[in-house]
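What follows is calculated from the coordinates using simple rules that are stated; it is not laboratory data. Everything numeric here is computed off the predicted structure, so don't read it as measured data. Cβ coordinates were reconstructed from backbone atoms using ideal geometry, including for glycine residues, and neighbour counts include every protein chain displayed.
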Amino acid sequence: MSSRITRIFNFWKLELQNGKFFGFTDCDHDIYIENLKYKAKTGSSKSSIEKSHSPESSNFSINGVLDSKVISEKNIASGLCDNAKVTVFNSDIGQEKSEIFMISYGIVERIVIQDNAFVAYIKSSVAKTNYQINSFFSSSCRASFCDDKCGLKIEDFTNNGVVTAVKEKS
């Protein structure tokens with residue numbers, strides 16, 4: 001009778017806006033999955049990933065330690081991780097051909113740094129569609145005359161003067 005040891009670990013993949021990919025895991029050693037190295041001992045753990053419902057509609061956060069070449073205070077402050085895509089999954093590395101179990105994915109909304117640690121707040125791809133990116137257009141004007149949305153200036157439609165006489169209509 002053969003028994004197989006199950007070794008399920010958490011992984012998260014970071015895709016930066018510049019097209020570079022970085023992988024992280026809570027495993028005790030680095031692991032390659034699909035030609036990407038998932039770095040171990042980065043300070044992230046399963047308990048630091050919070051999600052709800054389906055993978056595409058969950059907002060979540062990832063906690064970690066500032067100890068990697070990518071997740072450094074300098075790189076975060078420079079905006080390197082802004083709007084990066086994040087994919088979180090599990091895999092059983094005890095198998096010869098590991099299956100990937102999707103947990104969640106989204107886009108880095110903001111990162112908070114405190115005491116040599118970070119919290120990355122991830123917005124789901126579905127939540128990102130709820131943001132208004134630009135103004136809507138319609139056939140009729142939806143702004144009030146000369147308000148911020150109107151774009152016209154009240155001064156352009158104002159004439160100053162003095163009324164010196166009023167003529168009656170004959």
Packing-wise, with mean Cβ within 10 Å as the measure, how do 156-165, 72-81 rank, highest first?
72-81, 156-165
To the nearest 0.05, what FRET efficiency results for I113 and D148 with a Förster distance of 30 Å applied to their C-beta separation?
0.30
